[in-house]
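A short write-up of the structure that comes next.
The values are calculated or read from the model by the stated rules, or taken from the named source; none is laboratory data. Keep in mind that what you see is a predicted model, and the values were worked out from it rather than measured. No Cβ is skipped: glycine too gets one built from the backbone with ideal geometry, and neighbour counts run over all protein chains shown.
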Amino acid sequence: MGVADLADYPWDAVAPYAERARRHPAGIIDLSIGSPVDPTPEVVAEALRDASDAHAYPQTAGTPALREAVADWYARRRGVPGLTAAHVLPTVGSKELVALLPLLLGLGPGDAVVHPRAAYPTYEVGARLVGAEPVASDDPSSWPAHTRLVWINSPGNPDGRVLSAVELAAAVARARELGAVLASDECYAELGWDAPWDAARVPSVLDPQVVGDDLTGVLSVYSLSKQSNLAGYRAAFLAGDPTLVERLLTGRKHLGLIPPAPVQRAMTVALGDDAHVEEQRARYAQRRSLLKPAVEAAGFRIDHSEGGLYLWATEGRDAWDSMERLADLGILAGPGHFYGSHFPQHVRFSLTATDERIAAAAERLTP
Ligand SMILES: Cc1ncc(COP(=O)(O)O)c(C=O)c1O
């Protein structure tokens with residue numbers, strides 16, 4: 001299978017519901033996509049502007065300043081001390097890395113790529129791209145013997161599930177038993193909501209509580225799209241096993257997968273500034289506190305969603321029926337069908353809408 005054989009982009013199926021929602025007299029409230037709506041922090045935008053003279057090719061490995069900023073950030077925000085430039089690598093947003101990791105690791109037919117049952121679709125896309133077998137499973141004991149790559153995602157998209165250090169350690173142990181790489185997609189890590197994650201840090205797979213001092217076969221993947229409203233900059237990175245990082249760097253050099261120099265500068269500044277992250281987190285907390293009770297009042301049960309940017313909800317019937325009911329309220333959600341085959345009765349509500357739109361959604365949902 002090649003890129004040309006990938007299925008039509010599934011969001012086209014939502015178009016009729018969007019059209020229906022747009023007919024609401026007070027307008028559509030689009031909660032279907034996790035695309036940030038708040039401004040890029042001024043300190044970051046200024047760093048990008050200041051770096052606009054970018055006549056030379058940027059470094060695939062990232063500038064020394066960026067690599068140091070990533071390592072410092074892991075120590076300060078993620079409880080992962082001791083990383084160096086050799087442990088980290090910037091990416092052009094994280095979606096390309098998610099899609100290309102099986103290719104960069106040399107996987108192919110006969111190999112399995114495990115991903116969560118409720119999953120960001122790109123894990124499966126990456127497996128299919130190289131002819132590997134995607135396997136949806138959250139139970140390490142059932143991961144097959146031919147597994148070569150495992151994706152975990154905490155807090156999860158779409159389900160907001162947060163994995164504890166104990167659960168992460170079990171995943172790492174099983175991946176090592178299988179000789180598989182374990183990649184942990186942690187892009188919502190700053191957004192823990194329900195106890196204990198309102199006060200405790202959402203653990204990284206690189207936390208010494210999870211891996212001790214052995215990073216073999218383990219990667220943490222992070223993105224600034226959500227925490228810093230930088231989705232349009234395409235700014236992300238990975239960290240972990242330096243042998244793997246070196247291999248990925250070589251492949252990425254050949255493919256030209258290089259974050260633009262001004263973006264590398266902007267990322268460096270974003271990673272050094274915690275204030276804007278706190279501010280953004282507070283915005284999402286406020287929106288969630290309005291939307292969550294309203295979704296429940298409308299008759300949905302919310303599952304997990306203890307962290308991350310979404311409410312993962314069901315009213316016990318097919319998601320397309322829920323989509324229709326919501327469209328009549330002028331609200332667009334995302335159907336569970338888009339996140340694998342295991343949750344056809346769930347819908348995903350994103351917290352990425354303005355305060356005004358979230359308040360309007362809460363009002364329309366509350367009977
Ligand atoms: C779980 C997960 N991983 C990766 C991404 C990709 O983010 P980006 O490419 O903006 O870094 C997303 C975006 O929604 C996501 O939800």
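Among the criteria (1) free of Cβ contacts under 8 Å to residues at least 24 places away in the same chain; (2) in a helix (DSSP H, G or I), the one HIS276 does not fulfil is (1). Going by the conditions given, is TYR188 surrounded by 23 or more Cβ atoms within 10 Å (Cβ to Cβ), part of a loop (DSSP other than H, G, I, E, B), touching a residue at least 24 places away in the same chain (Cβ under 8 Å) and at negative phi? Answer is yes for this residue.
For (1) within 16 Å of the ligand (Cβ to nearest atom); (2) of a type outside the set (D, E, K, R), each residue gets a yes or a no:
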residue: ARG176; (1), (2): no, no
residue: VAL181; (1), (2): no, yes
residue: ALA189; (1), (2): yes, yes
residue: GLY192; (1), (2): yes, yes
residue: ARG201; (1), (2): no, no
residue: GLN209; (1), (2): no, yes
residue: ASP213; (1), (2): no, no
residue: GLY217; (1), (2): no, yes
residue: SER220; (1), (2): yes, yes
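Consider ARG234 carefully, then state whether it is more than 27 Å from ASP72 (Cβ to Cβ), part of a loop (DSSP other than H, G, I, E, B), within 17 Å of the chain's Cα centre (by Cα) and not aromatic (Phe, Trp, Tyr). Considered against the rule, which asks whether it is more than 27 Å from ASP72 (Cβ to Cβ), part of a loop (DSSP other than H, G, I, E, B), within 17 Å of the chain's Cα centre (by Cα) and not aromatic (Phe, Trp, Tyr), ARG234 comes out as no. Among the residues examined, LEU168 qualifies as modelled with pLDDT of 95 or more, buried (at least 23 other Cβ atoms within 10 Å of the Cβ) and away from the ligand (no atom under 12 Å from the Cβ). Do we have PRO242 as over 17 Å from the mean Cα position of the chain (by Cα), at pLDDT 95 or above, surrounded by 19 or more Cβ atoms within 10 Å (Cβ to Cβ) and under 25 Å from TYR57 (Cα atoms) here? Judged against the criteria, PRO242 is not a match. Has segment 78-86 got any residue that is modelled with pLDDT of 95 or more and not in a loop (DSSP other than H, G, I, E, B)? Yes, segment 78-86 contains at least one residue that is modelled with pLDDT of 95 or more and not in a loop (DSSP other than H, G, I, E, B).
Say whether the condition of being at pLDDT 95 or above and more than 13 Å from the ligand (Cβ to nearest atom) is met by at least one residue in segment 225-232.
Checking segment 225-232: not a single residue is at pLDDT 95 or above and more than 13 Å from the ligand (Cβ to nearest atom).
In the condition set (1) within 16 Å of the ligand (Cβ to nearest atom); (2) more than 20 Å from the chain's Cα centre (by Cα); (3) among the basic types (Lys, Arg), ARG67 is compliant with all but (1). Selection of segment 130-162 for residues being within 16 Å of the ligand (Cβ to nearest atom) and in contact (Cβ under 8 Å) with a residue 60 or more places away in the chain yields ALA136, SER154, PRO155, GLY156, ASN157, PRO158, ASP159, GLY160, ARG161, VAL162. Of the residues making up segment 249-268, those that are more than 16 Å from ARG49 (Cβ to Cβ) and either crowded, with 24+ Cβ neighbours inside 10 Å or within 16 Å of the ligand (Cβ to nearest atom) (or both) are ARG252, LEU257, ILE258, PRO259. Applying the condition of being among the hydroxyl-bearing types (Ser, Thr, Tyr) and crowded, with 23+ Cβ neighbours inside 10 Å to segment 70-116 and asking which residue is farthest from the ligand (Cβ to nearest atom) yields TYR74. When every residue of segment 280-292 is checked against the conditions, at least one turns out to be in contact with a helix residue (DSSP H, G or I) (Cβ under 7 Å, 6 or more places away or on another chain) and more than 23 Å from VAL347 (Cα to Cα).
Summed over segment 128-183, residues that are in a strand (DSSP E or B) and not hydroxyl-bearing (Ser, Thr, Tyr) total 13.
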